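The values are calculated or read from the model by the stated rules, or taken from the named source; none is laboratory data. From a predicted model like this one, the values you see are computed outputs, not experimental measurements. For neighbour counting, all protein chains shown are included, and Cβ atoms are generated from backbone atoms with ideal geometry for every residue, glycine included.
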Protein chains: 4
Amino acid sequence: MQVMNSQIADIITQIFYKVKNEESLGEIAKYIPELSNVDAEKFGVHIAFLNGESFGIGDFQEKFSIQSIAKVLSLSLAYRHLGERIWTRLDVEPSGNAFNSLIQLESDKGIPRNPFINAGALVVCDILIDILQNPKEELLSFIWQFAGTKSINYSLRIAKSEKQTGFRNIALCNFIKSFGNIKNSPEEVLDLYYLLCSVEMSCEELSYTFGFLANKGKILGADQEILSLSKTKRINAVMQTCGFYDESGEFAFRVGLPGKSGVGGGIVALMPNQYVVSVWSPQLNEKGNSFRGMKFLEEFTTATNVSIF
Amino acid sequence: MQVMNSQIADIITQIFYKVKNEESLGEIAKYIPELSNVDAEKFGVHIAFLNGESFGIGDFQEKFSIQSIAKVLSLSLAYRHLGERIWTRLDVEPSGNAFNSLIQLESDKGIPRNPFINAGALVVCDILIDILQNPKEELLSFIWQFAGTKSINYSLRIAKSEKQTGFRNIALCNFIKSFGNIKNSPEEVLDLYYLLCSVEMSCEELSYTFGFLANKGKILGADQEILSLSKTKRINAVMQTCGFYDESGEFAFRVGLPGKSGVGGGIVALMPNQYVVSVWSPQLNEKGNSFRGMKFLEEFTTATNVSIF
Amino acid sequence: MQVMNSQIADIITQIFYKVKNEESLGEIAKYIPELSNVDAEKFGVHIAFLNGESFGIGDFQEKFSIQSIAKVLSLSLAYRHLGERIWTRLDVEPSGNAFNSLIQLESDKGIPRNPFINAGALVVCDILIDILQNPKEELLSFIWQFAGTKSINYSLRIAKSEKQTGFRNIALCNFIKSFGNIKNSPEEVLDLYYLLCSVEMSCEELSYTFGFLANKGKILGADQEILSLSKTKRINAVMQTCGFYDESGEFAFRVGLPGKSGVGGGIVALMPNQYVVSVWSPQLNEKGNSFRGMKFLEEFTTATNVSIF
Amino acid sequence: MQVMNSQIADIITQIFYKVKNEESLGEIAKYIPELSNVDAEKFGVHIAFLNGESFGIGDFQEKFSIQSIAKVLSLSLAYRHLGERIWTRLDVEPSGNAFNSLIQLESDKGIPRNPFINAGALVVCDILIDILQNPKEELLSFIWQFAGTKSINYSLRIAKSEKQTGFRNIALCNFIKSFGNIKNSPEEVLDLYYLLCSVEMSCEELSYTFGFLANKGKILGADQEILSLSKTKRINAVMQTCGFYDESGEFAFRVGLPGKSGVGGGIVALMPNQYVVSVWSPQLNEKGNSFRGMKFLEEFTTATNVSIF
């Protein structure tokens, strides 16, 4: 690992221990049985700068279930293939409701409010099944390409666990299908969806994987463009307004960076042209976002005075 | 007026005429009688850079009713006085509903989703009445201070016209009062609210007035801090996620700058540390935002490749 | 008072004491200050048969605030004048929401779901202002005509008390006005509405007043038709489906008679062609209906095996 | 067939031809492919009196898909077994929403508003699977018992057709399951549900089948009690308030009898202690109820001046 700007490393270290020592008011996600087996005290942070420097602390090299964070990757793949046509099947507005709400779908006739609520991610999976030969394999290859490593994989154990209790997702998928906005069989779509959510990464891998979104669409350390600058900016914009369910406004307000969270307790956020920062702590606040992750990032952007606003 | 970077002036000029010559699919706001008297073909653009350069084109020196754009100014004043305590009475989440919806207030027990929907702006007016001796005068003085000119005023004619047809706003204000989140009499709060919305500015005045939000909280051209850096960033964040009613996600997605619109057809947007840009065209799209204004800004940030994302 | 069927009197007496001696889980309405001053232990029952027999027990001759029960009387008056045209401004569907909800009005464009939620009663008051010369006087005369006595009156004290805290009703009235379904000034409509709700009657007076609805539209003891048979049946139908706010289904289910309740703790119910029964006990259940009143009526129709079903 | 009161037969005949000759503004249900193959002009009426008299006209002996009407029969069976305990899993309030809405389930935590919306009928099917050894066979036997004939059957063709397009129902069932209010597998519950809805009867069979609800819980022509008087009245009450989806208030208002409709175009209604009347015409109004059926019944109760109100 290259040595990085020592000041940032100091700031991260300081905030890391401060947050670690404060009481966490969060709780581990219970609704996916396998997720609830994680050690609640795990806590890791990793930052990767575009100039190649990086720094990690705590459990930053331990893999965890990235869950909804993976929805940014499936969207990127579908967006690359379909271009702006994708938005005929998805909107880009914050939902003002919980991540698994069915309410707005009813008035919006099956068009999900954005690609990061469950409904939207299901439609993206449906699209991937249409445009890819082997959706599961190609999606994983795409993730490997971002991450610069083949050490990343689905967790069949997690996918199976989520499937067994996924009645709400079955409901969502069939509800959208009833409006005609799912083309393939709900079973097939749900299978891909559960696999997608089961991807496991460490904070370190997460930072590198999301590097392209801070790097004008180019993979970190390579000169290869994955997405155009315009598409990259647009994904960042959607993360900013919709990346944290019904706490997206709060995240923009407190942290001020585009980012995405998952119920596994991971959060990734990025400062365009500068860095990607990843945090993992499995205890969630009542909105379903990592309690310590939110806290760390708020203190981090406050201390460094760097945010997109 | 200082000469500015000629390239930007050229880009603005080109896009201005392109958008002007395309058919507008918008319509003038009808619900405030006085607003509907405006010439629908008015169109002006003005940009002010932090380095003192600026450029305007079209009707950029003609005053118009800034309407909801003024809600950023009243929020700034209240936020400066109350600090973070203000958020006990307001949330910072996008609403997912129309600007004058009462639905979420019912489930949220009278706490408006954000300060830029009508409900939130009414609560801010209520706060101003509590903390200021002469709310109307002091609010105007505060605006003069931002703008660097005393040429800005309320339009009593517009305020009166809006009051006469403002049944929805009376409903909103009394509804919030029924939950206890309006402290003063609804009449008094509504009077200040209508005055606030009636403020008239030109694009040029608007750019300078909003300069502090691009300038780390300091008034343009002065070294005077109006808001702390942290508060400034937070207001920008709320503009980003909530500034365009139920089209906020779309604006972040297409334009990529924090901004605020009004039903008078004005939009102000800003690139932190660089510039403020104001547009005025009174024809609104179906979400209540200026049709040509949205289009101009989208093409402008695309052409310059500059946005916060 | 004529002697009546002694068996019914015995049944009523028995149930009256049973319910009186059981613990009440209700609470007095707090939201209208003057209403909260009533003695919570008041309890009266009165039944009037079409054949002239009647029976009362407990506080059945003490006046109380009939509140929403009066909405049946204002509707009857407006319906008599307008006929079926009235339903262009009101629907007859149960609301599935609380009595003062604004939610459905938003999607239904200002057409209240039925005449017995607050929104609907406000529209009825608006209609009365249009069709009557002196709405307050004529409405009261109409009630006197039903009741067969001029001893009934508005309570200015209650009306004033409700007005002072009636922000939710101001909100409702202005909200409907914003859709164009209130023609007069909201102030005027609300004044009549508060007076209407302030009417005071005893159980005994209430039974006689509602006699026409059990008597094919004719005033009890007179041969005078107030409403046609068809209109009378229709008002009974609307009471059945909408008379108890979001507990209307429950009342039909448990009691099985058309009826109407008020937050003053009164309930009137009727068996067409047989009798009207009135109950008063000010402690309300969580849906806003009299706890003991509901209980008494359930046990009464169970014991007598008489209901419309 | 016994001869009946000739006056009623004349009235029915007259109204039958009047309604038949008027333009129907309804449309055949399209969402179940097999249902859309029915001849749109079919029209039959049948009435059965408790005294044994009966009368039919038009296509009253032709079988049609009774669809949601069957929900009354499954409820009766479950209610007979479970008694009042059944209401811990179902409410009895009108929904104020469409028959297949998911909205209220979300706020009501998976407790359906009543047993006649799809959500409620699914919960009833789940209960039947728990309490019966062979739900499909026993449910059909129960219906045979009511009807007094074994000529009634499921239509596997209709059941299959509905299953193939039943994404909304799969969504509903899994949504309720996600709240824990479905105990068995959604597939099993849905299979029973589709069979239930596929039951085919003629108007004549329908009248006799529903006879017990007009006859104090006893099968017509037998002295056998199927349901207690109290339970019978309660089912009638729920039909009255919830039997016609979001048009239940309108049906109570216009027709004034407890009843139940199905998207196959059938309606059954009953006057307690007097008769059951069945109508079939497959063209539906926009609320999903038979256009001619509603019209016929409104004119019939108007002409006879008989209703429960």
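Among the residues of the range D:225-246, the ones that are more than 13 Å from the chain's Cα centre (by Cα) and under 30 Å from residue D:156 (Cβ atoms) come to 2 in all. Listed by first and then second residue, the pairs with beta-carbon distance under 6 Å, at least 6 apart or on different chains, first residue in the range D:173-202 and touching a residue at least 24 places away in the same chain (Cβ under 8 Å), second of a type in the set (S, T, N, Q) and part of a helix (DSSP H, G or I), are D:196/D:74; D:197/D:67.
Mind checking whether some residue in the range B:60-82 is within 11 Å of chain A (Cβ to nearest Cβ) and over 16 Å from residue B:197 (Cα atoms)? Write out each step before concluding.
Going through the range B:60-82, the residues within 11 Å of chain A (Cβ to nearest Cβ) turn out to be none.
Taking every residue of the range B:60-82 in turn, none turns out to be within 11 Å of chain A (Cβ to nearest Cβ) and over 16 Å from residue B:197 (Cα atoms).
Against the test of being more than 17 Å from residue B:147 (Cβ to Cβ), within 14 Å of chain A (Cβ to nearest Cβ) and free of Cβ contacts under 8 Å to residues at least 40 places away in the same chain, the options B:244, B:253, B:309, B:300 yield a single qualifying residue, B:253.
Within the range A:214-234, the only residue that satisfies the criterion of being at the interface with chain B (Cβ under 9 Å from one of its Cβ atoms) and surrounded by 24 or more Cβ atoms within 10 Å (Cβ to Cβ) is A:233.
Do you know which of the residues in the range C:256-297 that are among the basic types (Lys, Arg) and away from chain D (no Cβ under 13 Å) is farthest from residue D:307 (Cα to Cα)?
Ranking the qualifying residues of the range C:256-297, first place goes to C:292.
If you take the residues of the range D:84-122 that are touching a Ser or Thr at 6+ places or on another chain (Cβ under 9 Å) and under 24 Å from residue D:225 (Cα atoms), which of them is farthest from the other protein chains (Cβ to nearest Cβ)? The extreme case among them is D:121. Scanning the range C:144-161 for residues that are aliphatic (A, V, I, L, M) and in contact with a strand residue (DSSP E or B) (Cβ under 9 Å, 6 or more places away or on another chain), we see that the one that is farthest from the other protein chains (Cβ to nearest Cβ) is C:152. Filtering A:120, A:96 for residues that are touching a Pro at 6+ places or on another chain (Cβ under 8 Å), surrounded by 20 or more Cβ atoms within 10 Å (Cβ to Cβ), small (Gly, Ala, Ser) and at pLDDT below 95 leaves a single hit, A:96. Can you tell me which residue is surrounded by the most Cβ atoms within 10 Å (Cβ to Cβ) among those in the range B:178-213 that are out of contact with any helix residue (DSSP H, G or I) (no Cβ under 8 Å at 6 or more places or on another chain) and of a type in the set (D, E, K, R)? Within the range B:178-213, the match that is surrounded by the most Cβ atoms within 10 Å (Cβ to Cβ) is B:204.
Within the range A:119-137, the residues that satisfy the criterion of being in contact (Cβ under 8 Å) with a residue 60 or more places away in the chain and hydrophobic (A, V, I, L, M, F, W, C) are A:121, A:122, A:125, A:128, A:129. Quick check on the range B:146-161: of everything there that is of a type outside the set (Gly, Ala, Ser) and within 17 Å of the chain's Cα centre (by Cα), which residue is surrounded by the fewest Cβ atoms within 10 Å (Cβ to Cβ)? So, considering only residues that are of a type outside the set (Gly, Ala, Ser) and within 17 Å of the chain's Cα centre (by Cα), the one surrounded by the fewest Cβ atoms within 10 Å (Cβ to Cβ) is B:153. Only one of the numbered conditions (1) more than 30 Å from residue C:172 (Cβ to Cβ); (2) polar (S, T, N, Q); (3) not in a loop (DSSP other than H, G, I, E, B) is violated by residue B:161, and that is (1). When the range A:11-38 is filtered for residues that are of a type outside the set (S, T, N, Q) and at pLDDT 95 or above, the ones remaining, listed by number, are A:11, A:12, A:15, A:16, A:17, A:18, A:19, A:20. Listed conditions (1) in contact with a strand residue (DSSP E or B) (Cβ under 6 Å, 6 or more places away or on another chain); (2) of a type outside the set (A, V, I, L, M); (3) surrounded by 19 or more Cβ atoms within 10 Å (Cβ to Cβ) are all met by residue D:36, apart from (3). Being under 28 Å from residue A:94 (Cα atoms), of a type in the set (Val, Ile, Thr) and buried (at least 20 other Cβ atoms within 10 Å of the Cβ) holds for only one residue in B:47, B:69, B:86, and it is B:69. The set of residues in the range B:184-195 being in a helix (DSSP H, G or I) and more than 10 Å from chain C (Cβ to nearest Cβ) consists of B:187, B:188, B:189, B:190, B:191, B:192, B:193, B:194, B:195.
Only one entry of C:150, C:109 meets the criterion of being farther than 22 Å from residue C:178 by Cβ, assigned by TED's automatic domain parsing to the domain that holds residue C:89 and not in a helix (DSSP H, G or I), and that entry is C:150. So, in the range A:173-183, exactly how many residues are closer than 25 Å to residue A:31 by Cα and within 7 Å of another protein chain (Cβ to nearest Cβ)? Total satisfying the criteria: 3. For the range C:286-296, a residue qualifies if it is over 15 Å from the mean Cα position of the chain (by Cα) and either aromatic (Phe, Trp, Tyr) or at pLDDT 95 or above (or both), and the qualifying residues are C:291, C:292, C:295, C:296. With respect to residue B:48, determine if the residue is of a type in the set (A, V, I, L, M) and not in a strand (DSSP E or B). Considered against the rule, which asks whether it is of a type in the set (A, V, I, L, M) and not in a strand (DSSP E or B), residue B:48 comes out as no. As a summary of the residue check, residue B:80 satisfies the conditions (1) crowded, with 23+ Cβ neighbours inside 10 Å; (2) at pLDDT 95 or above; (3) basic (Lys, Arg) except for the one numbered (1). Taking the criterion of being at negative phi and within 14 Å of the chain's Cα centre (by Cα), the residues of the range D:260-274 that qualify are D:260, D:261, D:262, D:263, D:264, D:266, D:267, D:268, D:269, D:270. Selection of the range B:264-279 for residues being under 16 Å from residue B:72 (Cβ atoms) and buried (at least 24 other Cβ atoms within 10 Å of the Cβ) yields B:264, B:266, B:267, B:268, B:269, B:270, B:276, B:277, B:278, B:279. If I filter the range C:162-169 for residues that are touching a residue at least 24 places away in the same chain (Cβ under 8 Å), closer than 30 Å to residue B:167 by Cβ, within 11 Å of another protein chain (Cβ to nearest Cβ) and aromatic (Phe, Trp, Tyr), do I get at least one hit? No: the range C:162-169 contains no residue that is touching a residue at least 24 places away in the same chain (Cβ under 8 Å), closer than 30 Å to residue B:167 by Cβ, within 11 Å of another protein chain (Cβ to nearest Cβ) and aromatic (Phe, Trp, Tyr).
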